[in-house]
Amino acid sequence: MKIPEQMPQWMLDKWQGIADLLAETLSIPAALIMRAANQEMEVFITSNSENNPYHVGDKEDWHGLYCETVIKSKEKLLVANALTDKDWDRNPDIELGMVAYLGYPIFYPNKSPFGTICILDNKENHFSVLHEKILLQFKQVIELDLALVTSFEFQSSEMIQTIKEQQDKLKKQNKALQIAKEKAEEGSRLKSAFLQNISHEIRTPLNAVVGFSELLTMPDLTDEKRDYFASIIQKNSDQLLSIISDILTISAIETDQQKVNIEDTCLDSLLQDLEDIYRQKYDGKGIELIKKIPENLRGRKIKTDKTKVNQIITNLLNNAFKFTDNGSIEFGVELKNDVCEFFVKDSGIGIPENMQDEIFNRFTQTNETISDLYGGVGLGLSISKAFVELLGGEIWLKSEVGRGTNFYFTLPNQ
């Protein structure tokens, strides 16, 4: 129970009146309300009566006090004459001349002790039944006051706690709203940048297709130039098809329309096909392509969506070749903890640490100049992440600027 740190003045005045009335009515030198705390008794209220040796704030350690006994026994105590009772002949109240005592314990509503209400006399006094009844009545009045005050304090404390909890909740909600607002603004900015970028990415190959298609109609065109123009049209058509395919794929992912086609997939054959494609595609670029697959996985088949796994690795290899000017690109698979762990490692430009948590988000590239320098619309990694999770795996990366990037993803070995 919360104990009030400071009693209200109206209650202090009331208790002072009780002590004064007791002393005056019963013709005794001292009527007290004592408070117990930390193994000591404190004079909380003392009567304004003649020959009263007690003062508010006086304290005494527990070592055989009248009030100490009342607190410990939780019962009434009557001592008619301490001078004739060996149990009390060392009581410190005797030094103040108080040899007779009658006291009752005072409790909080939860039955924990507050202190005592007592009367003392400087001469032998057996205190009558009337004395006991009067003291008991005032004890009950004081306990009612304590119940009222502690109840108010408890309710106030609950109210303060409730208000604090509501304030904390509002702060968290405001913070969450601010974060959501910032994310929405960032998402809007990224989408705007994406739309500008994709507009450029679509127009560039489309203009090339249209422009060189027109050139093919020139009457005096040589076979050499016709073949050259046709290769440009083919290259830009493939680029345009890739962009449109990514847009359609991300749209299907966002609307939960991506289907999974599980089939037996040979890991060795899958990686070999990719190696053949990329060796032919990037022959002469000066980058060493390394395929790694351990003996225990050669010829191994797992049940997965072969097309999606192919696209995941293709997206990662495309990024690796895009951002690597020299050195090597290594890709392959290992068996770890009963899952197939695929990897694509490059020695390219790397990804800044502050962007590594964002790189899989849609429309995100490491900075807004990347697309100008290297091209692309920033959907490949987002598609890869969605496909990996759709197939029951996870994807992550390790990277250091200027030293390259390692992508890893897992698939169930089933």
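Compute the long axis of helix 129-215 from its Cα atoms, compare it with the longest principal axis of the Cα atoms of the chain, and write down the angle in degrees, 0 to 90, nearest 10.
Value to nearest ten degrees: 10.
Normalised by the number of residues in the chain, what is the relative contact order in percent for Cα pairs under 8 Å and 6+ residues apart?
Relative contact order for the chain comes out at 10 percent.
Taking a ≥ b ≥ c as the square roots of the Cα gyration tensor eigenvalues, with a/c under 1.5 meaning rounded and otherwise prolate when a/b beats b/c, else oblate, which class fits the chain?
prolate
With unit charges on the beta carbon (Lys/Arg positive, Asp/Glu negative), name the residue among Ile28, Leu411, Asn174 whose Cα is farthest towards the positive pole of the charge dipole of the chain.
Leu411
Looking at Ile302, Tyr282, Gly327, which one has the Cα that reaches farthest to the positive end of the dipole of the stretch 230-331 (charges on Cβ: Lys, Arg +1; Asp, Glu -1)?
In the stretch 230-331, that residue is Ile302.
What ³J(HN,Hα) values, in whole Hz, does the Karplus curve 6.51 cos²θ - 1.76 cosθ + 1.60 give for the stretch 294-299 when θ = phi - 60°, with x put for Gly and Pro?
x, 4, 6, 10, 5, x
Through the Karplus equation 6.51 cos²θ - 1.76 cosθ + 1.60, θ set to phi - 60°, convert the phi angles of the stretch 223-234 into ³J(HN,Hα) values in whole Hz; use x for Gly and Pro.
For the stretch 223-234, the Karplus curve yields 4, 5, 5, 4, 5, 5, 5, 5, 5, 5, 4, 5 Hz.
On full extension of the chain, what length is gained from Lys303 through Lys164, given 0.36 nm per residue of separation minus the C-alpha to C-alpha distance?
Extra length available between Lys303 and Lys164 comes to 44.5 nm.
Give the separation of the Cα centroids, the stretch 198-267 to the stretch 335-363, in Å.
Taking the Cα centre of the stretch 335-363 as reference, the centre of the stretch 198-267 is 27 Å away.
Which ³J(HN,Hα) values in Hz, rounded to whole numbers, follow from the phi angles of the stretch 110-119 under the Karplus curve 6.51 cos²θ - 1.76 cosθ + 1.60, where θ = phi - 60° and Gly and Pro get x?
Ordered by residue, 3J(HN,Hα) equals 8, 6, 7, x, 8, x, 9, 10, 8, 10 Hz.
Calculate, for Asn261 and Val401, the FRET efficiency according to 1/(1 + (r/R0)^6) with r their C-beta to C-beta distance and R0 60 Å; round to the nearest 0.05.
Approximately 0.95, to the nearest 0.05.
Note the angle between two axes, namely the Cα long axis of helix 380-390 and the longest principal axis of the Cα atoms of the chain, as a number of degrees from 0 to 90, rounded to the nearest 10.
It works out to around 60 degrees.
Would you mind checking Lys14/Lys74; Lys235/Lys301; Lys169/Lys398; Lys72/Lys133 for any pair whose Cα atoms are more than 29 angstrom apart?
Violating the 29 Å Cα-Cα cut-off are Lys235/Lys301; Lys169/Lys398.
Who wins for biggest fluctuation among Ser128, Ser231, Ser49 in a Gaussian network model of the chain, springs between alpha carbons below 10 Å?
Ser128
Springs between alpha-carbon pairs under 10 angstrom, Gaussian network model over the chain: which of Lys72, Lys169, Lys235 fluctuates most?
Of the options given, Lys72 has the highest mean-square fluctuation.
Given R₀ = 45 Å, FRET efficiency for Glu186-Asn38 by Cβ-Cβ distance, to 0.05?
E(calc), rounded to 0.05, equals 0.20.
With only alpha-carbon pairs counted, each pair once and no self-pairs, how large is the Kirkwood hydrodynamic radius of the stretch 1-151 in angstroms?
Working: mean 1/r = 0.0652 Å⁻¹.
Hydrodynamic radius (Kirkwood, Cα pairs) of the stretch 1-151 is 15.3 Å.
For the stretch 220-326, what does the alpha-carbon gyration tensor say about shape, rounded, prolate or oblate, given a ≥ b ≥ c as the root eigenvalues, a/c under 1.5 as rounded, and a/b over b/c as prolate?
oblate
Coordinate-derived values only; no laboratory data. Note that the structure is a prediction, hence the values are computed from the model and not measured. All Cβ positions, even for glycine, are placed from backbone atoms using ideal geometry, and neighbour counts span all protein chains on display.
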